[in-house]
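Engineer: Here it is, the structure, as structure tokens.
The values are calculated or read from the model by the stated rules, or taken from the named source; none is laboratory data. Since the model is a prediction, treat every value here as computed from it, not as a measurement. Note that each Cβ is placed from the backbone with ideal geometry, even for glycine, and that neighbours are counted across all protein chains shown. All accessible areas refer to the heavy atoms of the entire protein, side chains included, with ligands and DNA or RNA removed. Shrake-Rupley method; radii C 1.70, N 1.55, O 1.52, S 1.80 Å.
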Amino acid sequence: MSDKKRLFGTFGVRRTANDVLTPEFASRLAACYGTLVKGTVAVGGDTRTSTLMLKQAVTAGLLSSGCDVVDLGILPTPGVQYAVRKYYDGGVMITASHNPPQYNGLKFLDEDGIGIPDEMDIKIERLYFDAEPDRVEFHEIGELYQNDKVIDEYVDEAVSKVDVEAIRKANLKVVVDCGSGAGCFTAPYLIRKLGCDVTTLNSQPDGFFPGRNPEPIEENLQELIHVVKELNADIGLAHDGDADRTICIDENGSFVLGDKTFTLVEKQMLKENNGGTIVTTVATSQAIYDVAEEYNGEVIATAVGDLLVARKLKDENGLFGGEENGGLIFPDFVYGRDAVMTVAKILEIVAKEKKPLSELVAELPVYYASKTKIECPDDEKEFVMASIAEEIQTTTDFKLDRTDGVKILKEDGWVIIRPSGTEPIFRCFSESDSQKKADEMTEWGLGLIKKYKK
Ligand code: MG
């Protein structure tokens, strides 16, 4: 039997609601997961119109497989991850993260609150398609409980991990845009508990996302940028639909790229802890390595995927990790991208360093990135990558990294050629010390792909 996944993506299943993702589908899939977990499973969801429907279906499936279920209500994905790690045997989050309102998805967690590994995705799919989930007898059907306290516990623990007094004293003016997603139930309260002056945007939960698209990219955050400038705020913060990612706007209204936020927090974490292990992916900036070198850190790079970063952080007892898209992982809190800890930490940094965010960002190492993609049929990808690796090894002195695709490291930058797991394309990213060089390297990478594909 092939080990290629039939339903799962990199983190759970995501589809248009009531098209593929019907209550029947969700219920059976949850029963398959429950068959493997056989314990107490926490269930939470985001603010989408289809979330309650799917949550009831998931709950029924879990109960029928003999699991007890704890309903956590509407909360961020990392809130569910936090609860599972502390109290439960597994968890299911109903969310489509940053996707448009017609989508929804199911994210399944292991007992540490990390997204389940590929092997378990495949086991669930086999039960779903080729066998039957366990349907227990009447006297073994699970019980349903509620826990509406865990969301406050999650926020309070993040507050307890930063210097609240220092943040309070800084009198920061903060604008937060929750995008009408799950962050509505955490972010404004968190920022108020930290003693800041809070202005909220799109902080009424609404599955139609009337204020903005849930993806926190610059074009969707124009209103936030405008309000930060109008109010002379110190910082603007935005989350995606399930509030695991955080994007910052500086006091001038400039969008701060996710890898800058990552590097800024990395620097602080290493300073505070006198070094430590940082985990990221092979597609993240050299700046992460530069800061690690300066502050006694060690960097481990995994293949692309937040679950891989989270798992590595656990296995290596790492200090901090993340990705270039604004997803930061604090492993002593949640084994996954977390927004409350990110917000608390960034406000702490601005308060303690007594400098505006733009200045803190300007102090970080500067690199220029170039990103593009090119079509390539799935069955040619292996040959293309092997041929490129072969050519580089036999004709150049450049270093190669095969953690994910082919990464070629030159003296003044790197280029990575990475096959998409879901589309017939290669992604080609590069980074260098000037934009011109970065663009040239991407062109060179594309040239290599074209040379070997039919
Ligand atoms: Mg998300």
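Engineer: Could you go through region 116-127 and let me know if any residue there is surrounded by fewer than 23 Cβ atoms within 10 Å (Cβ to Cβ), of a type outside the set (K, R), within 16 Å of the ligand (Cβ to nearest atom) and in a loop (DSSP other than H, G, I, E, B).
Structural biologist: Scanning region 116-127 turns up no residue that is surrounded by fewer than 23 Cβ atoms within 10 Å (Cβ to Cβ), of a type outside the set (K, R), within 16 Å of the ligand (Cβ to nearest atom) and in a loop (DSSP other than H, G, I, E, B).
Engineer: Go through the residues of region 312-322 one by one and say whether even a single one is basic (K, R), touching a Phe, Trp or Tyr at 6+ places or on another chain (Cβ under 6 Å) and part of a helix (DSSP H, G or I).
Structural biologist: yes
Engineer: Suppose we filter T200, T186 for residues that are within 16 Å of the ligand (Cβ to nearest atom), of a type in the set (V, I, T) and at pLDDT 95 or above; which single one remains?
Structural biologist: T186 is the lone residue from the list that is within 16 Å of the ligand (Cβ to nearest atom), of a type in the set (V, I, T) and at pLDDT 95 or above.
Engineer: For region 295-309, enumerate the residues that are in contact with a Lys or Arg (Cβ under 8 Å, 6 or more places away or on another chain) and at pLDDT 95 or above.
Structural biologist: So the first thing to find is which residues in region 295-309 are in contact with a Lys or Arg (Cβ under 8 Å, 6 or more places away or on another chain), and the list is 295, 300, 302, 304, 306.
Across region 295-309, the qualifying residues are Y295, I300, T302.
Engineer: Considering D152, D156, which residue is without any contact (Cβ under 8 Å) to a residue 40 or more places away in the chain, closer than 17 Å to G45 by Cα and in a helix (DSSP H, G or I)?
Structural biologist: D152
Engineer: Which of the residues that make up region 95-114 are more than 12 Å from the ligand (Cβ to nearest atom) and among the β-branched types (V, I, T)?
Structural biologist: I114
Engineer: Quick one: S203 ticks every box in (1) touching a helix residue (DSSP H, G or I) at 6+ places or on another chain (Cβ under 6 Å); (2) in contact (Cβ under 8 Å) with a residue 60 or more places away in the chain except a single one, so which number is it?
Structural biologist: For S203, the failing item is (2).
Engineer: Kindly provide the set of residues from region 97-109 that are at pLDDT 95 or above and either aromatic (F, W, Y) or surrounded by 20 or more Cβ atoms within 10 Å (Cβ to Cβ) (or both), ordered by number.
Structural biologist: Within region 97-109, P101, Y103, N104, G105, L106, K107, F108, L109 qualify.
Engineer: Quick check, is F255 of a type in the set (F, W, Y) and open to solvent by 10 Å² or more (accessible area, probe 1.4 Å)?
Structural biologist: yes
Engineer: Continuing with this model, one more query. What number of residues within region 147-156 are buried (at least 17 other Cβ atoms within 10 Å of the Cβ) and not aromatic (F, W, Y)?
Structural biologist: 3
Residues are listed down the side, and each one gets a yes or a no for (1) hydroxyl-bearing (S, T, Y); (2) surrounded by fewer than 24 Cβ atoms within 10 Å (Cβ to Cβ); (3) part of a loop (DSSP other than H, G, I, E, B); (4) touching a helix residue (DSSP H, G or I) at 6+ places or on another chain (Cβ under 9 Å):
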| site | (1), (2), (3), (4) |
| --- | --- |
| V176 | no, no, no, yes |
| S180 | yes, no, yes, no |
| I191 | no, no, no, yes |
| E215 | no, yes, yes, no |
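Engineer: Open to solvent by less than 50 Å² (accessible area, probe 1.4 Å), within 16 Å of the ligand (Cβ to nearest atom) and out of contact with any Asp or Glu (no Cβ under 6 Å at 6 or more places or on another chain), is that true of N220?
Structural biologist: yes
Engineer: Kindly establish whether K437 is basic (K, R) and part of a helix (DSSP H, G or I).
Structural biologist: yes
Engineer: When the residues of region 315-349 are narrowed to those that are open to solvent by 10 Å² or more (accessible area, probe 1.4 Å) and within 9 Å of the chain's Cα centre (by Cα), which ends up farthest from L237 (Cα to Cα)?
Structural biologist: By that ranking, first place goes to E323.
Engineer: Let me ask something else about it. Among (1) of a type in the set (D, E); (2) under 19 Å from S432 (Cα atoms); (3) open to solvent by 50 Å² or more (accessible area, probe 1.4 Å), which single condition is E382 missing?
Structural biologist: (2)
Engineer: Can you tell me which residue among I278, I249 is closer than 27 Å to R402 by Cα and open to solvent by less than 40 Å² (accessible area, probe 1.4 Å)?
Structural biologist: Matching residue, one of I278, I249: I278.
Engineer: Out of E411, E440, E390, which single residue is closer than 22 Å to T280 by Cα, open to solvent by 50 Å² or more (accessible area, probe 1.4 Å) and over 29 Å from the mean Cα position of the chain (by Cα)?
Structural biologist: Only one candidate qualifies: E411.
Engineer: In addition: Just to be sure before I move on: is G241 within 16 Å of the ligand (Cβ to nearest atom) and under 30 Å from N202 (Cβ atoms) in the structure I sent?
Structural biologist: yes
Engineer: Is region 293-304 home to any residue that is in a helix (DSSP H, G or I) and either in contact with a helix residue (DSSP H, G or I) (Cβ under 7 Å, 6 or more places away or on another chain) or among the hydrophobic types (A, V, I, L, M, F, W, C) (or both)?
Structural biologist: no
Engineer: Let me ask you something else. Specify which of the listed residues (T284, T263) is open to solvent by less than 10 Å² (accessible area, probe 1.4 Å), out of contact with any Leu (no Cβ under 8 Å at 6 or more places or on another chain) and more than 16 Å from the ligand (Cβ to nearest atom).
Structural biologist: Checking each option against the conditions leaves just T284.
Engineer: Further question: Out of (1) within 16 Å of the ligand (Cβ to nearest atom); (2) within 19 Å of the chain's Cα centre (by Cα); (3) not aromatic (F, W, Y), the odd one out for G207 is which?
Structural biologist: G207 satisfies every listed condition except (2).
Engineer: Residue under question is E293, and the condition is that it be within 26 Å of D412 (Cα to Cα) and either acidic (D, E) or within 15 Å of the ligand (Cβ to nearest atom) (or both); does it hold?
Structural biologist: yes
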